[in-house]
Amino acid sequence: MLLVVTPTPPDSANGNGVTARRWAGILRDLGHHVDLAQEYRAGDYELLIALHAIKSAGTVRAFHADHPAVPIVIALTGTDLYPDLRTTGVDPAVLDITSRLVVLQRHGIGQVPQRLQDRVRVIFQSMTTLPPVPPDPDCFEVAFLAHLRPVKDPLLLAAAVRRLPAWSRIRVTHAGEGRDPALAREAAAASAGSGRYTWLGPLPRPEALRVLARSRLLAITSAHEGGANAVTEAIAARVPVISSRIPGSIGLLGSGYPGYFQPGDSVDLARVLLAAEQDSGFYRLLRERGQALRHLTDPARERSAWASLLAELGLNT
């Protein structure tokens, strides 16, 4: 039996929950029995996979105390990795007892202490190809799939679209839970007072993916990301991406990707939005660069990566 622990409810719509469910499915497809839980429960396990080094630290310590010879894998999230492990509060002793560390994009390797980097494995998140949905012909819709938390800088788009010229057809559709009450109040006010920005609140995952699939663009405004699920989903939906120039996106999209803007800069974001709407060559380049990355998000690739990691740990698949 393999134990996968996520710090949020396993059925939740946030990134950790989505990732944990997908990984549990992959591990089951590889022939393993999997217990997916929010916390450690005593049992006879061959492996622990814990998402989030900070929030799952107690689980990792308790599991290691009960199973000192059983391998432990920790998946490092964006709030573990950035700006650095010391600042975020990752306990080095927790990392020391791991057999492997998983990061979701290439840049994450360099955030790990050099003495542990030989344990790090990059596993890109996968997504099956989404069926196309016809875009709204009356606007240039931009999808924003992010819960309202400070790290997501969720009001930046609302500020950016206020800077657009009156003739622009850009409309932002924002789906996500109001995790931070103050940000939720501001988002609701911005949505009520703008014809360009609409916050829908939380949506079931299929509905959020449909918003993405019909959109002409996905925006990532985060200050930090470990490797955003939404980027993978956009690639699968053939929707071009623009993102704040942060390590977590650079590790997925590449340093030379053309669709970056400066973090926290609504003027620069408005510039990139307008270029995507008005410059067909720029938009085509974004689309082409995204599609060139589709191989990274192939479910077979993610499955193979997990099969290889399990084999390294002596767990046959």
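Derivation of every value follows stated rules applied to the coordinates shown; laboratory data play no part. On a predicted model such as this, the values are computed, not experimentally measured, just so you know. Note: ideal-geometry Cβ built from the backbone for every residue, glycine included; neighbour counts use all protein chains shown.
So what is log10(I(q)/I(0)) for the range 224-317 at q = 0.13, 0.20, 0.22, 0.24 1/Å, when the Debye sum runs over its Cα atoms only?
Relative scattering, expressed as log10 I(q)/I(0), comes to -0.51, -0.98, -1.12, -1.26.
Averaged over all directions, how much area does the convex hull of the C-alpha atoms of the range 1-97 cover when projected, in nm²?
On the way: hull surface 23.4 nm².
Value for the range 1-97: 5.9 nm².
Tell me the Kirkwood radius of the range 140-296: reciprocal of the mean inverse pair distance over distinct alpha-carbon atoms, in Å. Spell out each step's value before the answer.
Numbers: mean 1/r = 0.0654 Å⁻¹.
Kirkwood hydrodynamic radius for the range 140-296: 15.3 Å.
To the nearest 10 degrees, how steeply does helix 299-312 sit against the main Cα axis of the chain, on a 0 to 90 scale?
20
Return one quarter of the surface area of the convex hull spanned by the alpha-carbon atoms of the range 121-224, equal to its mean projected area, in nm². Don't skip to the end; give the middle numbers.
Numbers: hull surface 31.0 nm².
Projected area, direction-averaged: 7.7 nm².
³J(HN,Hα) across the range 222-239 via Karplus (A = 6.51, B = -1.76, C = 1.60, θ = phi - 60°), whole Hz, x for Gly/Pro?
These are the phi-based 3J(HN,Hα) values: 4, 7, 8, 8, x, x, 5, 4, 5, 5, 4, 5, 5, 4, 5, 8, 6, 9 Hz.
Most fluctuating residue of His52, His33, His174 in a GNM of the chain with Cα springs under 10 Å: which is it?
His33
Specify the angular offset, from 0 to 90 degrees and rounded to the nearest 10, of the alpha carbon long axis of helix 15-29 from the longest principal axis of the alpha carbons in the chain.
Taking Cα atoms only, the helix is inclined about 50 degrees.
Could you please report the charge total around Gly259, scoring K, R as +1 and D, E as -1 over all other residues with beta-carbon less than 11 angstrom from its beta-carbon? Walk me through the numbers before you get to the answer.
On the way: positive: Arg245, Arg287, Arg289; negative: none.
It works out to a net charge of +3.
So what does the Cα-only Debye profile of the chain read at q = 0.14 Å⁻¹, as log10 I(q)/I(0), no solvent term?
-1.06
Under the rule of at least 5 residues apart or a separate chain, name every residue whose amide H is placed under 5 Å from the amide H of Tyr197.
Val172
Please work out the C-alpha center-to-center distance from the range 14-46 to the range 280-317 and express it in whole Å.
20
What does the helix-only formula give at 222 nm for the chain: each DSSP H stretch with n ≥ 4 adding -39500 (n - 2.57), the total divided by the residues, and the result rounded to the nearest 500 deg cm²/dmol? Before the final figure, lay out the partial values.
Details: 13 runs with 120 residues, N = 317.
Per the formula, -11000 deg cm²/dmol.
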